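Report on the following structure.
The values are calculated or read from the model by the stated rules, or taken from the named source; none is laboratory data. Keep in mind that this is a model prediction, so the values were computed, not measured. All Cβ positions, glycine included, derive from the backbone under ideal geometry; neighbour counts span all protein chains shown. Protein only, heavy atoms only, side chains kept; ligands, DNA and RNA dropped before computing areas. Shrake-Rupley method; radii C 1.70, N 1.55, O 1.52, S 1.80 Å.
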Amino acid sequence: MRPSQDLKGRLNVHFQGEEGIDAGGLTREWYQLLSRVIFDKGALLFTTGGNNATFQPNPNSVYQTEHLSYFKFVGRVVAKALFDGQLLDVYFTRSFYKHILGVKVTYHDIEAVDPDYYKNLKWLLENDVSDILDLTFSMDADEEKHILYEKTEVTDYELKPGGRNIRVTEETKHEYVDLVAEHILTNAIRPQINSFLEGFNELIPRDLISIFNDKELELLISGLPEIDLDDLKANAEYTGYTVGSGVVVWFWEVVKAFNKEDRARLLQFVTGTSKVPLEGFKALQGISGPQRFQIHKAYGAPERLPSAHTCFNQLDLPEYTSKEQLQERLLLAIHEASEGFGFG
């Protein structure tokens, strides 16, 4: 309900029932939590592609009440995050980045949505289709149901007027594949795309975003997909410890053995986001600008859990007596306390 000009102001986040002053860390966490809710399958707004890791609008979002107003809202959220230099916990399909940029999609973009269907189209282009007599400029009901999988009553879809009576030939198969791609990637979700862009372009006009390509836009919205541990270590700073302190050496050995999910949890715990800035860890932001990953010596009982200050990207690490104790305490902290704020 806010006018778009208001959305260009600074956000200040306060979580109900929690202490904390938002100096940047709470905002980062808010964006992360909000993006997880938006892209949860239960919301029916987005569906995952063939790799189950990238998202695009769900053609069945119509089952969500006022679904188009939600897409406009999501467009505003994504644009606001981009406007604020915040990263979201989501990756879109390549075709959806192209829609944001106003770039034409191609049949190659189907691979990320439906790898098997892409292989079928690729086969058509690489082989003679003269003997396939039932291939027409239409998609049969089964194909349509595959796209609109929750609809019980689906008819075939003509890719062009009279298409169900027009055979696909060697001369026209490229046109057929292009029309299939346009239908699957655009026409089936056109209302959702338009509503998303209506919200997105309120804050970021297309002429400003169009200077990027789809891969660059992905990095701007979501950051680097992998956590480079060497880069994190190279951009860490220490207070009360040095890089050669026993606890610090153990810390990096423990984190090196972490799986991908636990590394992301550690980053979320310390910085408020599990995403890596486009320029790497040297570009981590804190309360007053660039703020590197901090490891501070925590005084007091040696068995206490590590704690973090997300506004300063700061991990307070007690001087544990063994590597095993450090690993146990750190894992407990990042699994049980990676979200929220409170005084311990």
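Worth a mention:
- Residue match in region 312-333 (condition: in a loop (DSSP other than H, G, I, E, B), open to solvent by less than 60 Å² (accessible area, probe 1.4 Å) and over 21 Å from Val249 (Cβ atoms)): no
- Of all residues in region 37-71 being charged (D, E, K, R) and at pLDDT 85 or above, the one that is farthest from Asn187 (Cα to Cα): Asp40
- When restricted to residues that are open to solvent by less than 40 Å² (accessible area, probe 1.4 Å) and modelled with pLDDT of 60 or more, region 129-160 contains 7.
- Residue satisfying all of: in region 161-182; part of a helix (DSSP H, G or I) and in contact with a Ser or Thr (Cβ under 8 Å, 6 or more places away or on another chain); most open to solvent (accessible area, probe 1.4 Å) among these: Asn165
- Whenever a residue of region 160-171 is closer than 15 Å to Ser130 by Cβ, its partners that are aliphatic (A, V, I, L, M) and loosely packed, with under 13 Cβ neighbours inside 10 Å, lying with C-beta atoms within less than 8 angstrom and at least six residues away or across chains, give the pairs Arg167/Leu133.
- Test: residue in region 190-203 that is outside any helix (DSSP H, G or I) and either open to solvent by 70 Å² or more (accessible area, probe 1.4 Å) or under 17 Å from Phe55 (Cα atoms) (or both): no
- Residues located in region 282-311, provided they are of a type outside the set (Phe, Trp, Tyr), in a strand (DSSP E or B) and surrounded by 15 or more Cβ atoms within 10 Å (Cβ to Cβ): Gln285, Gly286, Gln294, Ile295, His296, Lys297, Ala298, Ser307, Ala308, His309
- Restricting region 216-236 to residues that are part of a helix (DSSP H, G or I) and without any contact (Cβ under 8 Å) to a residue 60 or more places away in the chain, the residue that is nearest to Pro277 (Cα to Cα): Leu219
- Failed item in (1) open to solvent by 30 Å² or more (accessible area, probe 1.4 Å); (2) touching a Pro at 6+ places or on another chain (Cβ under 9 Å); (3) modelled with pLDDT under 90, with Val276 passing the rest: (1)
- From the options Leu185, Leu208, residue that is open to solvent by 70 Å² or more (accessible area, probe 1.4 Å), of a type in the set (A, V, I, L, M, F, W, C) and under 23 Å from Thr93 (Cα atoms): Leu208
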